[in-house]
Amino acid sequence: MAIRPAVPPAAGGTAFPVRTDGPGHQEQHARSQDAPSEGAPYAHGPGRPNVPEVAVVLNQRIIARESLDSSVPAALKLKKRIKRFALDNELDHLPIGDIVSVALDEWLTARGF
């Protein structure tokens with residue numbers, strides 16, 4: 001699984017990171033930069049705590065896991081897109097927990113947590 005470096009959030013921004021390299025995303029990104037952030041900005045943490053890098057953990061043969069239950073917006077059609085990805089790439093098993101781990105680790109690390 002390829003892991004890209006985390007991109008630090010914009011100073012004082014409260015928006016979730018958005019991809020800006022695809023069609024239609026430039027306009028959304030431009031709007032988020034023009035409009036002032038609503039509400040208080042996220043507090044920036046003291047730095048990444050003493051935890052191993054996500055790639056080191058995910059490459060272990062046996063991994064102790066904990067449940068992280070969450071609802072996601074239905075409009076994103078994530079379940080359908082995940083299934084399509086698995087089918088198109090001829091994957092029998094897609095490690096959704098590993099994908100979520102990488103995404104959350106990058107997001108938290110970029111914010112100093």
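A short reminder: the numbers here are calculations on the coordinates, not readings from a lab. Computed from a predicted model, the values in this text were never measured in an experiment. Cβ coordinates were reconstructed from backbone atoms using ideal geometry, including for glycine residues, and neighbour counts include every protein chain displayed.
Residues in segment 42-58 that are over 17 Å from PHE113 (Cβ atoms) and in contact (Cβ under 8 Å) with a residue 24 or more places away in the chain: ALA55, LEU58.
The residues of segment 40-84 that are within 19 Å of THR109 (Cβ to Cβ) and among the basic types (Lys, Arg) amount to a single one, ARG48.
Considering segment 59-112, and only residues there that are free of Cβ contacts under 8 Å to residues at least 24 places away in the same chain and at positive phi, the residue that is surrounded by the fewest Cβ atoms within 10 Å (Cβ to Cβ) turns out to be GLU90.
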